[in-house]
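The values are calculated or read from the model by the stated rules, or taken from the named source; none is laboratory data. None of these values were measured; they are calculated from a predicted model. Note that each Cβ is placed from the backbone with ideal geometry, even for glycine, and that neighbours are counted across all protein chains shown. Please note that ligands, DNA and RNA were not included when accessible areas were found on the heavy atoms of the full protein model with its side chains. Shrake-Rupley method; radii C 1.70, N 1.55, O 1.52, S 1.80 Å.
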Amino acid sequence: MKKYKTLEIFVYGGFICLSLFSCADKEDNITPEAPAKNYFAVDINANDEESLLKKEFYKNNGCYLLFNDTLRHDSIGEKPNGQIIYQTETVDVPYIMSSQAYFAYKYTYIRDIEKKKAAASFIEKDILPHLSAQLRPYSWLLVNSITKYAVNDNSYSYDSEQGSVVGNRATAIGIQDIFDMNESDTQQFAKDLSAAIVADKVSSQEASVLEPFTKFCDNLYETSSETTPWDDESNLKLMQESGFIGPHYLSGFILYSYYPNKVEDIKDFAKLVVEKDDQYVKDTYNNEIILEKYMVMKNIILSLGYKF
């Protein structure tokens, strides 16, 4: 398997500016420090075409627009030999840890300004109208493609291609395919992307918000059945009999007879709510628990401001 040397990076994990003021007397007045620079935002004096596009996007939508995962690459000094020292900060689509590996992402960038405009228009026209402020990411990283790597023993190993990656402060989208899509395919891509964003947001809610959903199968999460299925179809049938609509995965592979964990279950149903309608669910799942869980999840998603 091909290996890649690990790159040292600073992950931009957010910025919280805290100003403290003392009003004891005039002599003790404290001048607050200048707030940390927001590297997601465009320089106020920038007037090139891309910067103007980003400013307009933020003004209209309240979230930032990025076409590169590097937020800054600044000179911060020199070594004794004269070599310049740089500090690099990248957007925080994070390293994601599983039980056996970390995952990181590599991007190919959109270079053409007209394609950047088309990508931004897709987000504004097909995604954002469905997302309330509570569901919108802090920033959108729009790139051509996203490649996922497993990080083991200080090296990268290829894992898979990704259509999108949802992080705490950014949602990265591999957008290159939409340039050749017809309207029907574009709408399906938008629905799949919206489902991934909503599923991630729902799964990160407080336990008290999710309890009306998780109570149905709380005693089954990450347990196993005494029945051992022989293929994917028989395993899925076993899952559905117990109120689940998807299997449990381990390192990317289906683990037969094991029920999903809580996050898998939440995301499965959140995606079902966004991607399908009530009639499809009734026609597809002949199981009372699944139908009840679907309606509860739909109410949770509506409470977060999703617009169908």
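Points worth noting:
- Oblate is the label for segment 101-180, because the ratio a/c of its alpha-carbon gyration tensor axes (a ≥ b ≥ c) is 1.5 or higher and a/b is not greater than b/c.
- Among beta bridges that DSSP assigns inside the chain, antiparallel share in %, nearest 5: 80
- By the rule of a C-alpha distance below 24 Å, with chain neighbours fewer than 8 residues away ignored, the lysines paired with LYS271 are LYS125, LYS148, LYS191, LYS201, LYS215, LYS237, LYS262, LYS282, LYS293, LYS298, LYS307.
- Taking all Cα pairs closer than 8 Å and separated by 6 or more residues, the relative contact order of the chain comes to 15 percent.
- Rounded tilt (10° steps) of 288-303 against the dominant C-alpha axis of the chain: 20
- Mean residue ellipticity at 222 nm, helices only, the chain: -10000 deg cm²/dmol; runs of at least 4 DSSP H residues each add -39,500 (n - 2.57), and the sum is divided by the number of residues.
- Using the Cβ-Cβ distance between ILE289 and LEU250 with R0 set to 22 Å, the FRET efficiency from 1/(1 + (r/R0)^6) comes to roughly 0.35.
- Once C-alpha pairs closer than 8 Å and six or more residues apart are averaged by separation and normalised to the residue number of segment 64-182, the relative contact order reads 28 percent.
- Between THR214 and ASN154, full extension at 0.36 nm per residue minus the direct alpha carbon distance yields a gain of 17.8 nm.
- Of the peptides 59-68, 265-274, the order by per-residue mean of other Cβ atoms within 10 Å, starting with the highest, comes out as 265-274, 59-68.
- Computed FRET value (nearest 0.05) for ILE113 with THR227, which takes r as the C-beta separation and R₀ as 51 Å: 0.35
- Segment LYS59-LYS37, extension gain: residue separation times 0.36 nm, minus the distance between their alpha carbons: 6.1 nm
- Charge dipole (debye, nearest 20) of the chain; +1 at Cβ of Lys and Arg, -1 at Cβ of Asp and Glu: 480
- Surface composition of the chain: carbon plus sulfur atoms hold 50% of the accessible area, using a 1.4 angstrom probe and ignoring ligands, DNA and RNA.
- Overall form of the chain per C-alpha gyration tensor (a/c, 1.5; a/b vs b/c): prolate
- In the context of the full set of protein chains, segment 221-264 has a per residue accessible area of 61 Å² (1.4 Å probe).
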